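Reading through the structure tokens given below for one structure.
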Amino acid sequence: MMNVRFWGVRGSIPCPGPLTQKYGGNGACIELRVGDTGRLVIIDAGSGIRQLGNFLMQHDLPKGPIQAEIFLSHTHWDHIMGFPFFVPIYVPGSRLKVYGPVSFEDETLEEVVGGQMKYRYFPVNMGELRSSIEYIRLREEAARDHGDGLLLTTKFLNHPITALGYRFEYQGKSFCTCYDFEPFRNLFITDPEHPDYDEAMAVEGEEVAREQNQAMEDFFAGADLLVHDSQYTEAEMKSRVGWGHSSCEYAIAAARRAGVKRLALFHHDPDRTDAQIDAMAADYCIPSSAGDTEVFFAREGQVVEL
């Protein structure tokens, strides 16, 4: 059994306020509970992790020291900014493992995540934390046993810095994340009238993009729940190429092709109001419109049982 709870569903920057109350204004943070023991896995440390930390202090700490594994999709600030406000890092006895990719060889994951906890930015330094924290750098890897029957697969995503998608599998159920991600595209000139056009390069670029997008669909194929980047619409993407995000239309089509059972549209644009998301849901989340794939917009506080 795996249970997924959304603590933050927004992208780019937190946007709390009267226009975002229904779906929530906090940045990316997902809680995954695995098995009868309730093994705690956290995906991303956006501002939503603050409320998760408060919840753990009330509900988990009375049962014993908090143990958690935090998987960072990448280290852009909206995905790590909540870490200094995650209360368990200040509690003696807490044991945390922080996993994630980093983009530069000369900086460790600890330096990147902990760099925001310097006195020039924050009143508490990393060296003053009372918990035990281990940092583990990840790369793309095929499925492997992550302990106690939990299988983990990692997949590089197309984003301006190194980012990873995660696939967790346990007792026949699978949960995948695919954000922040922009579909691969042909980077070579495709206009035959352009003076620098090279037909061989254009054809090869098209084939590589197709292969990479297919590899992404293979990664989350058959998932019981896929959380996929859908910050923009297809119309909005025309002016946002290279920003590292997907459209709702692309996410739905890819999930359907891959036989995904449930698709959570995620990483909502901070300027997207509840009313606008409701209107989009009326278009994109019609039952059976995506074949056998159930489509919904992720909402803060929402729980999905697998």
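The values are calculated or read from the model by the stated rules, or taken from the named source; none is laboratory data. None of the values given here were measured: they were computed from a predicted structure. Every residue, glycine as well, gets a Cβ built from its backbone with ideal geometry; the counts of neighbours run over all protein chains shown.
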**Report entry** Selection status of Ser73, surrounded by fewer than 23 Cβ atoms within 10 Å (Cβ to Cβ) and farther than 18 Å from Gln302 by Cβ
**Finding:** no
**Report entry** Odd one out for Ser103, checked against (1) farther than 24 Å from Val227 by Cα; (2) among the hydroxyl-bearing types (Ser, Thr, Tyr); (3) at pLDDT below 95
**Finding:** (1)
**Report entry** Pairs, first at positive phi and touching a residue at least 60 places away in the same chain (Cβ under 8 Å) in segment 33-48, second in a loop (DSSP other than H, G, I, E, B) and surrounded by fewer than 19 Cβ atoms within 10 Å (Cβ to Cβ), C-beta under 7 Å, six or more apart
**Finding:** Gly35/Met1; Gly35/Asp148
Query raised in the report: Restricting the search to segment 248-306, which residues are exposed (fewer than 15 other Cβ atoms within 10 Å of the Cβ) and among the aromatic types (Phe, Trp, Tyr)?
Result: Phe296
Query raised in the report: In this structure, does Val9 turn out to be over 22 Å from Gln302 (Cα atoms) and not hydroxyl-bearing (Ser, Thr, Tyr)?
Result: no
Report summary line: Within segment 239-268, restricting to residues that are touching a residue at least 40 places away in the same chain (Cβ under 8 Å), part of a loop (DSSP other than H, G, I, E, B) and not aliphatic (A, V, I, L, M), the one that is nearest to Gly48 (Cα to Cα) is His267
Report task. Starting from segment 97-123, keep only residues that are over 19 Å from Ala163 (Cα atoms), then list their pairs with residues that are assigned to a loop (DSSP other than H, G, I, E, B) and polar (S, T, N, Q) whose Cβ atoms are within a distance under 8 Å, requiring at least 6 positions of separation or different chains. Result -> Met117/Asn125; Lys118/Asn125; Tyr119/Asn125; Phe122/Gln116
**Report entry** Among (1) under 22 Å from Lys173 (Cα atoms); (2) among the charged types (D, E, K, R); (3) part of a loop (DSSP other than H, G, I, E, B); (4) in contact (Cβ under 8 Å) with a residue 40 or more places away in the chain - the single one Asp218 does not satisfy
**Finding:** (3)
Report summary line: All conditions in (1) in contact (Cβ under 8 Å) with a residue 40 or more places away in the chain; (2) more than 30 Å from Met57 (Cβ to Cβ) are true of Thr190 except (1)
Report summary line: Looking across segment 166-192 at residues that are farther than 22 Å from His79 by Cα and basic (Lys, Arg), the single one that is modelled with the highest pLDDT is Lys173
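When you go through Asp271, Asp229 one by one, which is the residue that is under 17 Å from the mean Cα position of the chain (by Cα) and acidic (Asp, Glu)?
Asp229
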**Report entry** Residues of segment 175-217 satisfying the condition of being among the hydroxyl-bearing types (Ser, Thr, Tyr) and out of contact with any strand residue (DSSP E or B) (no Cβ under 6 Å at 6 or more places or on another chain)
**Finding:** Thr190, Tyr197
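Among the residues of segment 185-192, are any part of a loop (DSSP other than H, G, I, E, B) and buried (at least 21 other Cβ atoms within 10 Å of the Cβ)?
No, segment 185-192 contains no residue that is part of a loop (DSSP other than H, G, I, E, B) and buried (at least 21 other Cβ atoms within 10 Å of the Cβ).
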